[in-house]
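Notes follow the structure.
The values are calculated or read from the model by the stated rules, or taken from the named source; none is laboratory data. Everything numeric here is computed off the predicted structure, so don't read it as measured data. Reconstructed Cβ throughout: ideal geometry from the backbone, glycine too, with neighbour counts over all protein chains shown.
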Amino acid sequence: DLVKDEDLEILAELGAGNGGTVTKVWNKKRGCVMARKLILVDAKPSVRKQILRELQIMNDCNSPYIVGYYGCFPVDVHVGVVIELMDAGSLNDIYRQNGPIPIEVVGKVAEAVLHGLMYLYDVHRIIHRDIKPSNILANTNGEIKICDFGVSGELINSIANTFVGTSTYMSPERIQGAPYTIKSDVWSLGISLIELALGRFPFTDSQDQESESEDEDFDEDPTLPLNTQRPKISMSASNSDKKEKRKSKGVSLAGGGHTMSILDLLQHIVNEPAPKLVSRKRDFPEEAKVFVEDCLYKDPGQRKSPQDLLASDWISNSKVTQEDLKIWAQSTISQD
Ligand code: ATP
Ligand code: MG
C-alpha cells in the first residue's frame, strides 16, 4: 500500500537542493521513519497528474542499489515523494563534513552506482541523468544506493522550466547537445568519484598546475576504519571547525581562491583534457586511476560501459565488505 501525506509527521529537515527540500518524517501507520521530498512543480493540473502517474514506475524499481520508494502525492504547489531514509545522508554531505572518502570506500561507491545504473537501464530502460555525490546515499547498514533518477519525462520538463539547472557533472557530449545515454551517466560517475576521493570538486582553473590549496585541511590519508585493520580513526575531530567552509555549494571551487563561472566550466569540460585521479598529497592505486580514466574518455564511444567497468580490476579485487562499510558509515555520523 502506498504512503499518503496524512500518514506522515515531520521530524527534521535533511537537506535542500535546487528544486526541492527533503524532510525526515515519521510514518504513523507503519511506525517507521522515512524521507519525504517536496519538489516544486510549475505545471497545470493535467501535467501534475501525469507526473504522479509516471512516478509510479518507481514502485517497480526494486534493487538493493536503488533507494526504496513508498508513494507520491500532490502537496499544494509541490509533488511529494516518499522514499527510504538513508541515515548516513548523501556522499556529498559525508565528504563535506569528514573530508576525502577513503579510496577503498570510493571503490564500493562506484560498484553500487554501476549496479544501480545497470538495473535501471536493463530492467526499465531508464537513464539516470543526474549522477552526482548528492544523489548517492549511504546508510549505517553499509548500503550505498542511488536516487533522483529520471523516471518522469513530464517532471524533467516541469523542473527544467522552473530554474536554470546547469549540471557541472554533465558530459562533454551532453554539453554539446547530444542526447542522454548511459555513457553520460558513466562520465558523471567518474567526476563524482574523483570529487569523493579528493574531497573537492575536480575542476578548477588551475587543474593542471598542482593546486596550492588542494587538500589543505587533510594532511593524513583518509583511512578506512576496518574492523580487521586499525581501530576507528576520527577524521573529523580535527576538522570540525572547517565544516562551515565546506558547506558552500556550487562552483565556488577550492583552488587558491580561484573560481570558475559556469560558462568557463562548461567550456573547460568540452575543450580541456578530462580530470584525473591524482593528488599532490596522496597516491591512489593504479587500478583506481585506470577505472576513472575509463569513465572519463571524452568520446562516449571510447568510454567504458557499466558492465565493462564492473568487471575491472579495481572493482573485482576489492576486499571491502558490507560490514566494513557499516563501520565506515557509522564513523561518519557518530562524531556529530
Ligand atoms: P539538486 O537539487 O541540485 O539535485 P540535491 O540532490 O542535494 O541537489 P535534493 O535531491 O533535494 O537536492 O536533496 C537534498 C539533500 O537531502 C541531499 O543532499 C541529501 O543530503 C538529503 N537527502 C535526500 N534524500 C535523502 C534520503 N532518502 N535520506 C536521507 N537524506 C536524503
Ligand atoms: Mg538529489
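Table for the structure above
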item: Test: residue in segment 15-31 that is away from ligand 1 (no atom under 12 Å from the Cβ) and aromatic (Phe, Trp, Tyr); result: yes
item: Subset of segment 33-43 (residues that are outside any loop (DSSP other than H, G, I, E, B), surrounded by 19 or more Cβ atoms within 10 Å (Cβ to Cβ) and either of a type in the set (Val, Ile, Thr) or more than 16 Å from ligand 1 (Cβ to nearest atom) (or both)); result: Ile39
item: Residue check, Ile101 buried (at least 18 other Cβ atoms within 10 Å of the Cβ) and touching a Phe, Trp or Tyr at 6+ places or on another chain (Cβ under 8 Å); result: yes
item: Filter result for Arg30 (surrounded by fewer than 19 Cβ atoms within 10 Å (Cβ to Cβ), without any contact (Cβ under 8 Å) to a residue 12 or more places away in the chain and away from ligand 2 (no atom under 16 Å from the Cβ)); result: no
item: Candidates Ile83, Ile10, Ile66 - the one that is more than 9 Å from ligand 1 (Cβ to nearest atom), of a type in the set (A, V, I, L, M) and touching a Cys at 6+ places or on another chain (Cβ under 9 Å); result: Ile66
item: Residue match in segment 204-214 (condition: farther than 26 Å from Lys281 by Cα and either modelled with pLDDT of 50 or more or within 12 Å of ligand 1 (Cβ to nearest atom) (or both)); result: no
item: Residue within segment 124-136 that is more than 16 Å from ligand 1 (Cβ to nearest atom) and without any contact (Cβ under 8 Å) to a residue 12 or more places away in the chain present; result: yes
item: Among the residues listed as Gly190, Gly199, the single one being more than 13 Å from ligand 1 (Cβ to nearest atom), over 26 Å from Glu54 (Cα atoms) and touching a Gly at 6+ places or on another chain (Cβ under 8 Å); result: Gly199
item: Test: residue in segment 35-45 that is within 16 Å of ligand 2 (Cβ to nearest atom) and of a type outside the set (A, V, I, L, M, F, W, C); result: yes
item: Within segment 46-77, considering residues that are more than 15 Å from ligand 2 (Cβ to nearest atom) and under 18 Å from Gly17 (Cα atoms), the one modelled with the lowest pLDDT; result: Val77
item: Residue in segment 52-71 that is in contact with a helix residue (DSSP H, G or I) (Cβ under 8 Å, 6 or more places away or on another chain) and among the aromatic types (Phe, Trp, Tyr) present; result: yes
item: Test: Ser188 is closer than 24 Å to Thr21 by Cα, part of a helix (DSSP H, G or I), modelled with pLDDT under 95 and of a type in the set (Ser, Thr, Tyr); result: no
item: Residues that are without any contact (Cβ under 8 Å) to a residue 40 or more places away in the chain, more than 16 Å from ligand 2 (Cβ to nearest atom) and either surrounded by 12 or more Cβ atoms within 10 Å (Cβ to Cβ) or assigned to a strand (DSSP E or B) (or both), drawn from segment 1-26; result: Asp7, Glu9, Ile10, Leu11, Ala12, Trp26
item: Leading residue by the ranking (nearest to the chain's Cα centre (by Cα)) among those in segment 78-98 that are hydrophobic (A, V, I, L, M, F, W, C) and modelled with pLDDT of 95 or more; result: Leu91
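Every residue, every condition in (1) loosely packed, with under 15 Cβ neighbours inside 10 Å; (2) at negative phi; (3) modelled with pLDDT of 90 or more, yes or no:
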site: Glu220; (1), (2), (3): yes, yes, no
site: Pro225; (1), (2), (3): no, yes, no
site: Arg246; (1), (2), (3): no, yes, no
site: Ser252; (1), (2), (3): yes, yes, no
site: Asn271; (1), (2), (3): yes, yes, yes
site: Val278; (1), (2), (3): no, yes, yes
site: Phe291; (1), (2), (3): no, yes, yes
site: Asp294; (1), (2), (3): no, yes, yes
site: Asp313; (1), (2), (3): yes, yes, yes
